[in-house]
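Heads up: the structure comes next, in structure tokens.
The values are calculated or read from the model by the stated rules, or taken from the named source; none is laboratory data. Worth saying up front: this structure is predicted, and the values here are computed from it rather than measured. We place every Cβ from the backbone using ideal geometry, glycine too, and count neighbours over all the protein chains shown. Only protein heavy atoms, including side chains, enter the accessible area calculation; ligands, DNA and RNA are left aside. Shrake-Rupley method; radii C 1.70, N 1.55, O 1.52, S 1.80 Å.
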Amino acid sequence: QVQLVESGGGLVQPGGPLRLSCAFSGSIFSIYTVGWYRQAPGKQRELVATITSIGRTNYADSVKGRFTISRDNAKNAVYLQMNSLKPEDTAVYYCNLPIAPTSWGQGTQVTVSS
């Protein structure tokens, strides 16, 4: 069974960077499209970035130009580089498979605050 584990969250000041990691296990990682999602307090979970098996990326308008999703198939990992962070980016961040969703992990908390 596919398992995804997020890490790398923390407290960062507005304008700062942060890099999240998603570790994948349980299947052939390279064939999957992977997405980063986030859920802020009191809001629905939203998809912020995706990367296909061949490296094509897509971003929500709210993060375009600031976030970069990437993958390393040799390490079975997906990353989310977040730059120019804003307080409204504060949320729990999750990774999952948009086309074939699996169980949600615990996510990693990102807090943007001075």
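Conditions (1) of a type in the set (Val, Ile, Thr); (2) on the phi > 0 side of the Ramachandran plot, marked per residue:
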site	(1), (2)
GLU6	no, no
ILE28	yes, no
GLY35	no, no
ARG38	no, no
GLY42	no, yes
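Determine whether THR108 is among the β-branched types (Val, Ile, Thr), open to solvent by less than 40 Å² (accessible area, probe 1.4 Å) and at pLDDT below 95.
So THR108 does not fit the description; no.
Give the range 1-17 a look and list any residue that's open to solvent by 60 Å² or more (accessible area, probe 1.4 Å) and in a loop (DSSP other than H, G, I, E, B), or say none. Answer for the range 1-17, where residues must be open to solvent by 60 Å² or more (accessible area, probe 1.4 Å) and in a loop (DSSP other than H, G, I, E, B): GLN1, GLN13, PRO14, PRO17.
Residue-by-condition table, conditions (1) free of Cβ contacts under 8 Å to residues at least 40 places away in the same chain; (2) in contact with a Phe, Trp or Tyr (Cβ under 9 Å, 6 or more places away or on another chain); (3) of a type outside the set (Asp, Glu):
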| site | (1), (2), (3) |
| --- | --- |
| VAL34 | no, yes, yes |
| ALA40 | no, no, yes |
| ALA49 | yes, yes, yes |
| TYR59 | yes, yes, yes |
| LYS64 | yes, no, yes |
| PHE67 | yes, yes, yes |
| VAL78 | no, yes, yes |
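One residue is enough: does the range 45-67 have a residue meeting the conditions modelled with pLDDT under 95 and under 20 Å from GLY105 (Cβ atoms)? No - not one qualifying residue is present in the range 45-67.
Checked against the criteria, SER30 does not count as in contact with a strand residue (DSSP E or B) (Cβ under 9 Å, 6 or more places away or on another chain) and either over 20 Å from ASN58 (Cα atoms) or basic (Lys, Arg) (or both). Listed by first and then second residue, the pairs linking a residue in the range 93-114 that is more than 12 Å from VAL5 (Cα to Cα) to a residue that is acidic (Asp, Glu) and crowded, with 16+ Cβ neighbours inside 10 Å, with Cβ atoms under 8 Å apart and 6 or more places separating them unless they lie on different chains, are VAL110/ASP89; VAL112/ASP89.
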